Each structure stands twice: as structure tokens, then as C-alpha cells.
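Asker: After the C-alpha cells below, expect a handful of questions from me.
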Amino acid sequence: MRGQNRRLGLGAGSGNGSLTGKYLRRGLVLLLAVAAALAVIVASGCSEGEDGTYNWPGSGTNTDSGGNDGGGNNSGGNNSGGNNSGGNDGNGGNNSGGAGNNVGGTNSCGKDGTANSCKTIVIGGQTWMAENLNRETGFSWCYNNNNSNCNKYGRLYDWPTAMGLEAIYTTTTWGGSDVKRQGVCPAGWHLPSWAEWDTLITYVGGLAVAGGRLKSENGWNQDYYGNDGNGTDNFEFSAIPGGSRSPSGSFSYAGESGIWWMATERSGWDGLYAYYCSMYRGNNSMSRDNTNKNQGFSVRCVQN
């Protein structure tokens, strides 16, 4: 065995065997260093494989999505649900009902048909609901058909219901204006258009960081790598991961994604598609895309 070690250059002693062993050891150290560096690079650039963009069955090509900003996530501070009685969002707008209580409280927003019980927040000159709508009407559902999930996430609506339209417009072009369309929202409020979502996204820093800055501080699952899925909720928008309902009636992505309808219909394509915004647990970006109108998504309203 000693002779074999000397022939491989791994044994002690002098001469060519020892010299060869020295170079081999240096080579191994160098290879290990390179492998370690590559591992760090891969880990730092790795994503979950789902970047917040949802190409639902039958949907069109993703319109735009922000890249990961790699940071900005809150590493785990839970909000206990206390109301903020007049906090300022940095834009001169007061929080009228304690936005930022995040996931876990009782959502009664719109249950009585009014906005009186809805938390609101002013961001970029727009007054938004700071929680998902929970008004039971038309084609709307609690996640997994469990009423407790409506208290947690609000309701999921198909697009015609969110727009206050007849069910025929699930598969037919409506062709109306997306400006201040009340739809399922209470009086004095409306379903936000593409332009209004764009105003919000631009104000908070753009698609690449909007998800992290608008997501709630708790309630979002970790990603596949154990990274915190929560946001920093800088603007007290408190976006929560209410998931979605498919046309077949199955529910998915609660705790992982938040998806909200726009009032904007996609032109052409036989009237099958409308636009939405989404956020995902795996990164800080926000995406916009279009999909079948019979999907069930969350609703946020904007004041007229």
C-alpha cells in the first residue's frame, strides 16, 4: 500500500513522487475552491422556477413582468392585527382603517354592500382598498369553498362578476370602457383599470420591486429554497396570497400567489380574455398578463 501511495504521488517522502503529490494536492484545493465559488453563484442567481408570471390555460403571452430584485423581503415579523388609527403612507394620505393587519384577521370588506368596513390607503394620489373585497354576489367563491377562507382572503370572482356583467361575457367580447367601472365594488368605488394599476406600480418603484413592497408582512409561504415569501408592506397595501379558482372548480396557490382582476378586457381573441396583476411568494416582482375570464381571482377596488 505504501508503494502504491508513492506511485500515485499521495505518500510522504522526497523525490518525484513527493513533488507530484504536492501538485496534485494543490490541484485538488483549486478545484474545490472553484466548485465552492460556482455553488455560491448558482445559489445567488437561482429562482424558484416560477417568477410570478402565470400563463393560465388558454391565456395569451405574458405582457410584462418584473425581474427579481433579490431583496426587500421582511424576514419574518408578524403583524398582530392591530388597527392603525390614522397612520400616514408617506404620500399625505391617511390610513382610514388599519391597513397592515395582514393575513389572519376577519375580512368584512363589502359584506354589507358598502365600503364602510373596508380598510383603505392612499398611494400615489389614489385611494385603494387595503384588503381584498369580500362581497358575496354572482359567481364568487371562498377558497376551497370554505367560509373561513373568505374571512382570511376575501372572495374570488370571475371577470364578468367583478365587472358587474352578465355571464355571457365570459366567452363574448364586452367592448365597454374600463374607466371607473363599478362592477362588484361598493358605490363610490370601481374595479381598477390597467392604467390605475400602472399608476400604483410606477409609484412604488416599478414591476421589479412592486411585489415585495406591496405584499403583506405575513401570510406568504416560503419558496422551495426556504426563502421568506413575505413582503415589507412599505405602503400598507397589504397584498395577501388569496390564490385562484379554475373554471373546473379546483382551487390553487393560496399562500403562494395573489392575483387581482383589472377592468381592462383584451381586444380580439373572441372575447375570452381579460387582464390581471399578480404577485408570487418566490420573488419581489409583480406581473401583468391576461387569461380566461372564467378564472376566479381576488378584487381590490379604487375610490372614484
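Asker: Please determine, by comparing only the residues of the stretch 250-263 that are in contact with a helix residue (DSSP H, G or I) (Cβ under 9 Å, 6 or more places away or on another chain) and open to solvent by 20 Å² or more (accessible area, probe 1.4 Å), which one is nearest to Thr291 (Cα to Cα).
Answerer: First, the residues of the stretch 250-263 that are in contact with a helix residue (DSSP H, G or I) (Cβ under 9 Å, 6 or more places away or on another chain): 251, 254, 258, 260-263.
Filter once more, so that each one left must be open to solvent by 20 Å² or more (accessible area, probe 1.4 Å): 251, 254.
Values: Phe251: 16, Ala254: 18 Å.
Looking at the filtered set, the residue picked out is Phe251.
Asker: Name every residue in the stretch 105-136 that is in contact with an Asp or Glu (Cβ under 7 Å, 6 or more places away or on another chain) and outside any loop (DSSP other than H, G, I, E, B), in order of residue number.
Answerer: Quick first cut of the stretch 105-136, residues in contact with an Asp or Glu (Cβ under 7 Å, 6 or more places away or on another chain) only: 107, 109, 118-119, 121-123, 126, 130.
Passing the criteria: Ile121, Val122, Ile123, Gln126.
Asker: Looking at the stretch 272-296 only, could you name the residues that are within 16 Å of Phe139 (Cβ to Cβ), under 17 Å from the mean Cα position of the chain (by Cα) and in a loop (DSSP other than H, G, I, E, B)?
Answerer: Residue satisfying the conditions is Gln295 alone.
Asker: Hey, another quick one. Open to solvent by 50 Å² or more (accessible area, probe 1.4 Å), without any contact (Cβ under 8 Å) to a residue 12 or more places away in the chain and polar (S, T, N, Q) - does that describe any residue in the stretch 135-144?
Answerer: No: the stretch 135-144 contains no residue that is open to solvent by 50 Å² or more (accessible area, probe 1.4 Å), without any contact (Cβ under 8 Å) to a residue 12 or more places away in the chain and polar (S, T, N, Q).
Asker: Here's something else I'd like to know. Just give me the residues in the stretch 156-167 being touching a helix residue (DSSP H, G or I) at 6+ places or on another chain (Cβ under 9 Å), part of a loop (DSSP other than H, G, I, E, B) and not acidic (Asp, Glu), in sequence order.
Answerer: Leu165
Per-residue answers, yes or no, for (1) open to solvent by 10 Å² or more (accessible area, probe 1.4 Å); (2) farther than 18 Å from Leu133 by Cα; (3) not in a loop (DSSP other than H, G, I, E, B):
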{"site": "Tyr169", "(1), (2), (3)": "yes, yes, yes"}
{"site": "Ala195", "(1), (2), (3)": "yes, yes, yes"}
{"site": "Ala210", "(1), (2), (3)": "no, yes, yes"}
{"site": "Arg213", "(1), (2), (3)": "yes, yes, yes"}
{"site": "Glu217", "(1), (2), (3)": "yes, yes, no"}
{"site": "Asp233", "(1), (2), (3)": "yes, yes, no"}
{"site": "Ser248", "(1), (2), (3)": "yes, yes, no"}
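Asker: Only one residue in Gly105, Gly110 is surrounded by fewer than 23 Cβ atoms within 10 Å (Cβ to Cβ) and either modelled with pLDDT of 95 or more or not aromatic (Phe, Trp, Tyr) (or both), so which one is that?
Answerer: Numbers: Gly110 fails: surrounded by fewer than 23 Cβ atoms within 10 Å (Cβ to Cβ).
Exactly one residue qualifies, and that residue is Gly105.
Asker: Is it true that Gly205 is at pLDDT 95 or above and touching a Ser or Thr at 6+ places or on another chain (Cβ under 8 Å)?
Answerer: Working: at pLDDT 95 or above: yes; touching a Ser or Thr at 6+ places or on another chain (Cβ under 8 Å): no.
Here the answer is no, as Gly205 does not meet what is asked.
Asker: Still on this structure, I have one more. Report the residue count in the stretch 148-167 for those that are open to solvent by 10 Å² or more (accessible area, probe 1.4 Å), over 11 Å from Asn294 (Cβ atoms) and of a type outside the set (Phe, Trp, Tyr).
Answerer: Qualifying residue count for the region: 8.
The values are calculated or read from the model by the stated rules, or taken from the named source; none is laboratory data. As the structure is a computational prediction, the values presented were derived from the model and not from experiment. Using ideal geometry, Cβ is built from the backbone for each residue, glycine included, and neighbour counts are taken over all protein chains shown. Accessible surface is based on the protein model in full, side chains and every heavy atom, while ligands, DNA and RNA are left aside. Shrake-Rupley method; radii C 1.70, N 1.55, O 1.52, S 1.80 Å.
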